[in-house]
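Asker: Dropping the structure in here first, questions after.
The values are calculated or read from the model by the stated rules, or taken from the named source; none is laboratory data. Predicted, not measured: the structure shown is a model, and the values here were computed from it. Cβ coordinates were reconstructed from backbone atoms using ideal geometry, including for glycine residues, and neighbour counts include every protein chain displayed. Calculation scope for accessible area: heavy atoms of the full protein, side chains included, ligands and nucleic acids excluded. Shrake-Rupley method; radii C 1.70, N 1.55, O 1.52, S 1.80 Å.
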Amino acid sequence: MTLTDHDLSELLAAVQAGDMTDTVRLSVAWVLQQLIEAELTATIGAAPGQRSESRTRQRNGHRPKLLTTAAGDIEVGIPKLRTGSFFPSILERRRRIDRALFAVVMEAYVHGVSTRSVEELVKALGAASGISKSEVSRICGELDSDLEAFRTRPLEGSFPYVFADATYVKARVRGRVVSRAVVVATGVRADGGREVLGLAVGDSEDGVFWAEFFRSLRNRGLRGVKLVISDHHLGLKKAISEVFVGAAWQRCRVHFMRNVLARVPKASTEMVAAAIRTIFAQPDATHVGAQLEEIARMLEAQFPDVSRLLVEARDDLLAFAAFPAAHWKKIWSTNPLERLNGEIKRRTR
């Protein structure tokens, strides 16, 4: 579809009628079409109907293409060739849609709107052409550079508390959908502000992967770490001791409680859980330690496995007590990371 003298007559008629909306839209369509035709001529070495020894290919009509622009939806003709293909550079993917619409698509994607839903969203915004699922993926590919810049940015300031955890999501790798580990670390600065320090994706959360991840944080400037909070994953615990030398380790009390209750008959779980919770309700470190010993003694006769676990985990479970009491509720578990992991799963889905 090439704009002709008839199209120019329509443009003149629109100007004379004072319909400036159509005027702008037709002007944009006409200019784009002329640029497309000029690029095609340069590409194949001959204008329409021209005989030229430098011609490399033959034209073969046009196919219509609906574009969304700031002037509204317009239709242009994309030239077809008898051999090979041609797509004008002026319509390269990052320019097919108005940048504001790009921003809407990216924002929706980041907030978890599926690629299937974005096309309807775009239509609701008045863009009749819509956007296919594959186009949404291509558009949001532009976010990769922003994410990489965020993942590799220098870390400034001191982070006394670091939380580390992993979650598993489905990902397409070499044509197969497989489970992948997403490891995340967040930190609390000396002024109390929280920050996502970094994230990485791997085949599993083994010790080597965790150690490499922590070293990357150190190389980016992570310093001042006094306490690392995580679950009792052996590879993770080993990596913490290797990379954060001199920092204490806090075993997440929530994960510990789950491990304990798995060894208790269902009828007794609430009683055992209530008893263990009293350990964390004490006013100071001395009373916290004394209460753990008391609960371990109380449970030893009926639940020896639980008593043994409490005694063995004492130092790691009560590491929080060496820090200000006002911080305890925030640093004795990885709960501050759970919401983030939930969002990662939801938005991945």
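Asker: Given a 1.4 Å probe and heavy atoms of the protein chains only, how would you sort VAL169, VAL254, largest accessible area at the top?
Answerer: Values: VAL169 20, VAL254 40 Å².
Heavy-atom accessible area, descending, gives VAL254, VAL169.
Asker: Please calculate how many Å² of accessible area the stretch 267-349 carries per residue, with a 1.4 Å probe and no DNA, RNA or ligand atoms counted.
Answerer: 56
Asker: Next question. Can you pull the one-decimal nm distance between simple spin-label points at GLU300 and ARG258, each 7 Å off the Cα toward Cβ?
Answerer: Placing both labels 7 Å beyond Cα along the Cβ direction yields 3.0 nm.
Asker: At a 1.4 Å probe radius, carbon and sulfur cover how many percent of the accessible area of the stretch 239-349?
Answerer: That share works out to 53 percent.
Asker: Report ³J(HN,Hα) in whole Hz for each residue of the stretch 82-91, in order, from the Karplus equation J = 6.51 cos²θ - 1.76 cosθ + 1.60 where θ = phi - 60°; Gly and Pro get x.
Answerer: Coupling constants for the stretch 82-91: 5, 9, x, 9, 9, 9, x, 5, 5, 9 Hz.
Asker: Sort the stretch 268-349 into rounded, prolate or oblate with this rule: let a ≥ b ≥ c be the square roots of the eigenvalues of the Cα gyration tensor; rounded if a/c is under 1.5, and if a/c is not under 1.5, prolate when a/b is larger than b/c, oblate otherwise.
Answerer: oblate
Asker: Ranked from highest to lowest mean number of other Cβ atoms within 10 Å per residue, what is the order of the peptides 285-294, 30-39?
Answerer: 30-39, 285-294
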